[in-house]
Each structure stands twice: as structure tokens, then as C-alpha cells.
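The values are calculated or read from the model by the stated rules, or taken from the named source; none is laboratory data. Model, not experiment: these values are computed from the prediction. Here the Cβ positions follow ideal geometry from the backbone for every residue, glycine too, while neighbour counts run over all protein chains shown.
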Amino acid sequence: MHRLCAGLVAVVSTVAAGSIASAADLPAKAPAYAPPVVAPYNWTGSYIGGNLGYGWGSNPIDLAPVTAFAAGTVPASIVDNPRGVLGGVQYGTNWQFNRFVLGWESDFSFSDIKASQTLVTLPVGVPTATSAEQKLEWFSTTRGRLGYLLTDNLMLFGTGGLASGRASASTFISQAGCPVGFCLAGSETKTKWGWVAGGGLEYAVGHWLLRAEYLHYDLGSFQCGLNCNGFVSDNVGFSADVIRGGINLRF
């Protein structure tokens, strides 16, 4: 009996020792994979890019009565719906402070915001045509910007500052038989200064910044046109709303 027990103990010991040795030969279990932590996007830096948009206004050319013509010959206002495309370049710099982004930006755009119109009147049976045109030839701004990060890569921003542009207006009044008949003409072109304000959304991906924004500008008004010849005065204001998209390269 003692010999049987001793034999069993020996067998069990041998098997246990073999199991321990086999376990020791197995490779250690690799630790679980932990993906690298991605740092949040940082908006600090300068950028340059381009923009394209559409603008529309509602300021007409206002005309005063012309004493040389019968009452009702010259319309009180004309050409009141300037609109068109504009596009250009912009550059600026951002500084990020936690969830807020401060910055400045300047831009320059060529503009085709314009309108023209001709009205014909017959107050005393004599056809009289009044033609006018207004146009914004180029448009530029220098603005401050304040943004709030809705996510690390998406910013809601407001903007405002100084605006300038090259504006022109012309008016031509003619009766039947002109130039033998009675005609008046005048035009004016000026560089105007004013203000601009708006806001939009900007999305960052890598070195690229994609933007959609709205702006309202007001460059004031000017008078001259036919007032230059002393017979009629006109007044035209240059203000409009603009929506545009832009893309910038951050460096």
C-alpha cells in the first residue's frame, strides 16, 4: 500500500513539474493596444486664400426735378437693384485662447455688382428717356474677427471693421431729336470708405480652412452726376449684402 501511494505521488509530481515547465516556455501575453492621443486642432497661425460670392443692394439713384423739363419728365429715382458676383483674395492671422479665437483679416475683391435702367416718359407728348447706371468696381475690407469653437475644428465667428470700394454712377437724359434736341448727361467715379460687419462658419482640416460667411457693407453715398452741369442733382448710396465662400491655406 505504501508503495502504491508513493508511486502515485511520484507520478503527480512529475506531471505537475512538466506543466509548470511548459507554462514557463509560453510567450508573455502582449499588452492591449492603446491608440495614440490626437492633440486638439490649434487655430493659431497665419493664412492666405481666395473667395467668391454674390452681392445685392437696393439703393437707387435719386434724381431731383429738372427745371428745364416739364413736371414728371424726370423720374424721382431709377436703377434701384444693383447685384452681381465678386471674388478675390484674403489673408490674416488667428490666435487661439481656449475655446475662443481672435484674429484680423484683410481682403480685396473685383466686383460686378451693378445695375442699369432706362425709363421713358411722355409728360407733354415729347418722349424723354432717362438712363442711369451704378456699379461697384472693386471692394476691400480690413476687419477684426472673434470666434468661438463649437468643436475643435468648427468655428462660429463674427467680424467687423473698415471697408472701401471704387463706385461709379452715371445719368443721361435725352428728348427726341437729341443731340439737336435737349440733352443732359453726367457721371462720377469715387473711392468711398465706410464700414462692414457680418459673421459665418469656418471649418479646419489639416492646413486648410473652409469658410462660408455673410457681410453687410455701407460705403455711404455721393452726389454729382448731372449736378456737375448745374441742372439736376442726383444722389446714390452704395451699401449691399454679400454672401461668399472661401478657402485658405494655413502656414
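Some points to look at:
- None of Leu184, Leu150 is loosely packed, with under 15 Cβ neighbours inside 10 Å and in a strand (DSSP E or B) except Leu150.
- Subset of region 154-165 that is in contact with an Asp or Glu (Cβ under 9 Å, 6 or more places away or on another chain) and surrounded by fewer than 17 Cβ atoms within 10 Å (Cβ to Cβ) - its residue that is farthest from Ala132 (Cα to Cα): Leu154
- The sole residue among Val79, Val101 that is touching a residue at least 40 places away in the same chain (Cβ under 8 Å) and either charged (D, E, K, R) or within 26 Å of Gly220 (Cβ to Cβ) (or both) is Val79.
- The single condition from (1) touching a residue at least 24 places away in the same chain (Cβ under 8 Å); (2) touching a strand residue (DSSP E or B) at 6+ places or on another chain (Cβ under 8 Å); (3) more than 30 Å from Ile243 (Cβ to Cβ) that Gln134 fails is (3).
- The listed residues are Glu133, Glu137, Glu105, and the only one of them that is modelled with pLDDT under 95 and of a type in the set (D, E, K, R) turns out to be Glu133.
- Residues satisfying the stated conditions in region 132-153, i.e. over 29 Å from Asp80 (Cβ atoms) and over 16 Å from the mean Cα position of the chain (by Cα): Tyr148, Leu149, Leu150, Thr151, Asp152, Asn153
- Looking across region 154-166, the residues that are more than 14 Å from the chain's Cα centre (by Cα) and free of Cβ contacts under 8 Å to residues at least 40 places away in the same chain come down to Leu162, Arg166.
- Some residue of region 23-44 being crowded, with 16+ Cβ neighbours inside 10 Å and modelled with pLDDT of 95 or more: yes
- Residue list for region 73-131, filter: loosely packed, with under 14 Cβ neighbours inside 10 Å, under 26 Å from the mean Cα position of the chain (by Cα) and outside any strand (DSSP E or B): Asn81, Asn98, Arg99
- Taking (1) closer than 24 Å to Ser58 by Cα; (2) without any contact (Cβ under 8 Å) to a residue 60 or more places away in the chain; (3) under 19 Å from the mean Cα position of the chain (by Cα) in turn, Trp208 satisfies each apart from (1).
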